[in-house]
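Presented below is the structure to which this report refers.
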Amino acid sequence: MLILLPPSEGKAAPTRGKRLGLGSLDFPGLTDARETVLSALVELCDVTAEEDVAAAGRVLGLGPTQLDQVRRNAGLLTAPTARADRIYTGVLYDALGLASLDPAARRRATRWLVIMSSLFGAVRPSDPISSYRLSGDTSLPGIGTVSTFWRRHLDTTLADAAGGGLVVDLRSSTYASFWKPPAELAPRVATVRVLHEVDGRRSVVSHFNKATKGRIVRALLADGGVPRTPMDLADHLGALGWTVEPQQPGRGGQQLDVVVTEV
């Protein structure tokens, strides 16, 4: 099973650890592409004049109070690293709580989880990475829009990672555009949407969406069952206590709506 997660916009910044080494990351076929994005990001941010720092911040979508992120990006080649599952923070990752899972569930996380990354393309939870600031919709000089760049490089890597198992897609729309599973994988692709229901009305609410997705992944890792198809996953999540409404299969797979009434 391959579970695809979005990154978090906010990230923890380790104060100690080895320097970034792209050769130490999983998916070695992405090393050259990672080097390209890393070099472009560092070059953009490696400036000293205040107006140049501000200009780099505008490219990255940063406000005046966030320009420390430009300086952090400038130091990526020598910055300390930590496991990706310690770098990514926020509602989804807090709800997932990988560090508090038992050893068997953490081993499953290492095998099953892939986190999309604007800088690294895709990483495993155990990959040592640095804290960075780069969104998927950013247009980097010399590269163009980050999501478009990775769309050209992730096909083989993620198709191989999926193998013959189920693909559970929990990505947000920006990061879903990094890789669209090919048509032949569609019967094994489940896209999960979380709907918040209040007084019979349903909507997508960011906080509920992220927290619920984190809890779903935690439940799957803790349980250890391996559904093979989207309908198997719907049944499995139902048995774990979730309200799941499968939608009609389409060219990109099958959407499963998970309905929640409280966070």
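Some points to look at:
- Between THR145 and SER203, full extension at 0.36 nm per residue minus the direct alpha carbon distance yields a gain of 17.9 nm.
- Rounded FRET efficiency, nearest 0.05, which uses the C-beta distance separating VAL226 from GLN66 and R0 of 45 Å: 0.60
- Taking 0.36 nm per residue of separation and subtracting the Cα-Cα distance, full extension of the segment from ALA13 to ALA159 would add 49.5 nm.
- At full extension, SER39 and GLN247 could sit 70.6 nm farther apart than now, given 0.36 nm per residue minus the alpha carbon distance.
- Alpha-carbon centroids, segment 93-159 and segment 25-87: separation in whole Å: 15
- Values of log10 I(q)/I(0), in the order q = 0.13, 0.14, 0.21, 0.23 Å⁻¹, for segment 113-204 under a Debye, Cα-only, solvent-free model: -0.53, -0.60, -1.09, -1.21
- Cα-projected label distance for LEU22 with ASP102, points at 7 Å along beta-carbon direction, nm: 4.1
- Kirkwood hydrodynamic radius of the chain, from inverse mean 1/r over distinct Cα pairs, in Å: 19.2
- Rounded to whole Å, sorted largest first: equivalent-ellipsoid semi-axes of segment 1-103, Cα gyration tensor: 27, 18, 13
- Protection proxy ranking, highest mean first, for peptides 201-207, 21-27, 68-74: 68-74, 21-27, 201-207, where packing is the per-residue count of other beta-carbon atoms within 10 Å, averaged.
- Bridgeable aspartates and glutamates around LYS213 (alpha carbons under 17 Å apart, same-chain partners fewer than 8 residues away excluded): GLU9, ASP85, ASP94, ASP169, GLU197, ASP223, ASP235, GLU245, ASP257, GLU262.
- Environment charge of ASP235, counting only residues whose C-beta is closer than 13 Å and scoring Lys/Arg +1, Asp/Glu -1: -2
- Take the Cβ atoms of ALA183 and ALA49, set R0 to 45 Å, and the FRET efficiency comes out at 0.35.
- Percentage relative contact order, segment 1-108, counting C-alpha pairs under 8 Å, at least six apart: 40
- Per-q log10 I(q)/I(0), segment 76-153, q = 0.24 Å⁻¹ (Debye; single scatterer per alpha-carbon; no solvent): -1.19
- The overall shape of segment 208-263 is oblate: from the C-alpha gyration tensor, with semi-axes ordered a ≥ b ≥ c, the ratio a/c is 1.5 or greater and a/b is no larger than b/c.
A short reminder: the numbers here are calculations on the coordinates, not readings from a lab. What you see is a predicted model, and the numbers here were worked out from it, not measured in a lab. We place every Cβ from the backbone using ideal geometry, glycine too, and count neighbours over all the protein chains shown.
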